[in-house]
Structures are given as structure tokens and as C-alpha cells.
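Here is the structure we will look at.
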Amino acid sequence: MPSIELRTRQSLALTPRLQQSVRLLQLSALEFQQELRTALDTNPFLEYDASEAEDVALAGTTPVEDASAPPAADGLAAAEPDGSPVESAGSDTLESAGQDDMPADFSGDYGSRNSTRENGDSDGSDPADWARSQPTLREQLHDALRLYRLDDRDRAVARFIIEALDDDGYLRQSLADLADSVDLEPELTEEELLVALRLVQSLDRPGLGARSLSECLALQITALPANTPGRDVARQIAEHHLERLARREQAELQKQIGCSAEELRVACALVRKLDPKPGNCYGRAEDNYVVPDVIVRQARNKWVVSINPAVQPRARIHRMYAQLFAQSAGASRSPLAQQLQEARWLIRNAQQRFDTIQRVAECIVAHQKAFFLYGEIALKPMVLRDVADELGLHESTISRATGNKYMATPRGIFEFKHFFPRELGTESGGTCSAAAVRALLKEMIAAENTHDPLSDVTLARMLADQGVLVARRTVAKYRHLMKVPPAELRRQL
């Protein structure tokens, strides 16, 4: 028969504030900016504040309070519905004193020139220089097209050709398909498109606007000086014999072209030096979406870690709205009370997010000082538990704080995970990192004889001579990660 039974049980539950803190910590810089921008748009108790930052940027000093002025925002002491004081604007404001102002959309440079001058760094470097954007392929071609005196129709057709190029610089669509997709009066012909294509191919780097690999290489060879050794034979290879060149059919190539073995060797070397993807030499728009969370500078022989001001938007509790709400009757039962509480949680958790990221970054820099001095070859093996034990945090917290987070250094922008290479054993019983092994492999391959490149077995033996014990398949895996072809494809005749 049915019965009623009372049991006592303990369970671990995350409060809403803790859930929000965990979620904010694992967001990337761009995702966090979007999260805060959404909160500013939907929560009436949050506001974006840049007034003090403007005063600091203009005066270059800390603002001085006026005794005759009304109490500042950080003196807010209005009571909330539950009787606790409303968070002060000064304590709940995410801002960096002395940094340049930031526009309302939270976009901007990755670093502040003022902070570089004020910290006493002698080299005067700016983190924005490390991530300097380059013009894209289409921007470069449009700029070059402006130098030509064309009528409106010819200019429109040339612009259409430029927009049809892919990121590698190729025109993948046929001229007939392009002519059908353009709505012009009178109707566009393939001959007009071909003339515009020839113009686009001459705007910048040779090879742009090609419709195939053969045409791309032929355009680059045609642009070479007429007295270039092997130029004519190289053009024949690019136009008719690329497949035989890829299969290394030297005897058949020599027979088809009718040249000597030495002429063929010079021409093949010339073809291999050409760029099969000339569009990759230009900047790409997606590169700008990697925004570093922290900036590492060397100041007075010390490595200093600071939060990137571009990812630290300034938000605070709206003072007037909080005061009016606290004075209203029945405020504690109003739905706005939950929004005020969420605004307070957001500001506190956002500040805690920055503090955790900075602590983790400082720990990484302390462990990997040699990397900033000597590069990849000096990276030490490190795991998340090392940082967790040192900071007194859980390993899962370190995992969230390092996921999708980036660090701007004098050596470039790196993901936090880059500083946690796998540990490999050495002959002496010590350890080294997988990143250091890859750096050694890169140096060995760069110094090899191009006519007799090093095989994976030889590379593994050379690493063993230096005390690093790795298998041949491990060398092959690292070589593949570095996008280095095998020895057979690296050999030059």
C-alpha cells in the first residue's frame, strides 16, 4: 500500500550567480563583448560610462574631485529593496584608469599608446603593431583600379571581376556564367568580360585573376624579364606539362619540349619558385576577429601582464534609476528587483572574470619566461594542473580561463593553450616540450640540402643525437602539423 517516507539528502547546486560566473569565464573576448552589449541594451539598470575616461585621456592625470560638486557616482548609498546598499558606480565600474577612451561599440586598438609611454618601456613598442591589419585582395585591386581612366561601364565590369575573385586570387566561374549573372544594358558579352579580366590581371601581382593553375603560373612567368634563364621552357611546362612535372617525368618532359637536361632543370626550378596562390599575400578580414585578452610587455627587464583595454568595456549601475527604484513603494516585489540584482551580478562576475584571466596569464608568463626571450625552442612542458595548484583553483576553472583566450606578446599573438605543450622524455631522463621538438625539426629542415632532403628516419636519428627520443611516426606527425611535405616532395633537381 502507498506510504510516505522522509529522506535527507545532500546535493551540490550552483546558484544563478555562480552559473553566470562560470559562463562568462569560458566566453571568448568577442562573445563576452556581445554578452555585455546585450545586457546594456536590455537591462535598464546598466549604463555605459566613458565620461571619466575622456577626462583622463584629455588631462593625462587622475580627475580631482570638486568639493563643491555633488557626491560622485562612487558615493552612491541608496538602499535596495532588501535593505542592502546599492552598488557604487566606482566599485562596480569596469574601467582602466589612464587608458584611452573606447567607443560605444567596444571596438578599438588592441593596446594603448599612453600605457606604453607611461610604464617606462624603453623600446616604445605598441601591441597594435604586432597585429597590424593589411589591405585585403579586393581592397588592393579596387585602389589600383582607381588610377585608370575608364568609362562607367568598363569600370563597373572590372569591379565585378574583382568581386568574383576568391581568396586565392582565382576566377573560378566561367565568363559565360558571369555574363548571365550581370544585369546591364546593353547586355554584357564575354568579350567585354575578357577585356576586363586582362585589365584586372595587370593591376597588381602577376597571377591574380587566373582561371586555372596553369594560367596563374604562365602569367607569372610572362611577367619575368625576357633574359631570365629557362623562361621559355618554363612557360611551356606551365601551359602544357604541369601533370608531368608533378609526376617527375623528366625524360618525357625533355622529349616533349625538346630541350637539354640542364635547360629542363633550370626551368623546373623556376616553376617551383612561383606562387600558386598569389591571393594569400594579402590580408584577410577574418584575421581581425582574433582579439587578445591580455597584453604582455617587457618593462624594466620584467614581463608585465595587463588586461587588454579593448576587451574591457566600461559598464556600471545606473545611479538615477537605482535611486528611484529604491524609493518606490513595493520595490521588493517588482520584477525590476530581479533585473537590478542581475546587473549587480554581471558587473561583479565580469570583474572576477578579468581577475582570473590575468592571474592565469601571469602564472603562464612566470613559467614560460624563456619563451619570450628565445622563442618556441624554449617552451617548457606544462599542464593545467600546474597552474591550478599554484593559484589554488580547480583545474576546470583553469580550463575555462584558457579556452578561446589569446595573449599578445612581442613574438606575436598566441592562444593560452599554446603555452601548455605536451611533455616528451629525453635520453638523460629529463623532459622537453613537444613545441621545442617542432622548433628543432623546423631548424633541421630549413638547414637541409635541398637536393638531398632529410627523411623522417634521419630526423628522428638527429633528434636522438641531441638527447630527444621520438619515434619516426611522431616526427611525421609533427612535420604534418607544420605543413611540411615529405622528403620526396622537398627534393629539388
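The values are calculated or read from the model by the stated rules, or taken from the named source; none is laboratory data. These figures come from a predicted structure and were not determined experimentally. Neighbour counts are summed over all protein chains in view; Cβ atoms, including those assigned to glycine, are modelled from backbone coordinates with ideal geometry.
Annotations
- Subset of segment 442-493 [within 18 Å of A378 (Cα to Cα), surrounded by fewer than 16 Cβ atoms within 10 Å (Cβ to Cβ) and not hydrophobic (A, V, I, L, M, F, W, C)]: E443, Q466, G467
- From the options R297, R272, residue that is basic (K, R) and touching an Asp or Glu at 6+ places or on another chain (Cβ under 6 Å): R297
- Residue in segment 478-491 that is outside any loop (DSSP other than H, G, I, E, B), in contact (Cβ under 8 Å) with a residue 40 or more places away in the chain, among the charged types (D, E, K, R) and more than 18 Å from A435 (Cβ to Cβ) present: yes
- If the condition is being charged (D, E, K, R), surrounded by fewer than 18 Cβ atoms within 10 Å (Cβ to Cβ) and not in a helix (DSSP H, G or I), then segment 195-254 contributes R211, R247, R248, E249.
- Restricting segment 295-348 to residues that are under 22 Å from the mean Cα position of the chain (by Cα) and assigned to a loop (DSSP other than H, G, I, E, B), the residue that is farthest from K405 (Cα to Cα) is P313.
- The combined condition, being part of a helix (DSSP H, G or I), crowded, with 17+ Cβ neighbours inside 10 Å and not assigned by TED's automatic domain parsing to the domain that holds L219, is not fulfilled by A370.
- Residue that is nearest to R23 (Cα to Cα), among those in segment 306-332 that are without any contact (Cβ under 8 Å) to a residue 60 or more places away in the chain and not hydroxyl-bearing (S, T, Y): M320
- Selection status of V360, out of contact with any Lys or Arg (no Cβ under 7 Å at 6 or more places or on another chain), in the same structural domain as L391 (by TED's automatic domain parsing) and in a strand (DSSP E or B): no
- Among residues of segment 351-367, those that are over 21 Å from the mean Cα position of the chain (by Cα), closer than 20 Å to N308 by Cα and surrounded by 14 or more Cβ atoms within 10 Å (Cβ to Cβ), counted: 4
- Condition check for S334: among the small types (G, A, S) and under 30 Å from S433 (Cα atoms): no
- Top-ranked residue of segment 373-392 - restricted to ones that are closer than 28 Å to P309 by Cβ and assigned to a helix (DSSP H, G or I), ranked as modelled with the lowest pLDDT: L373
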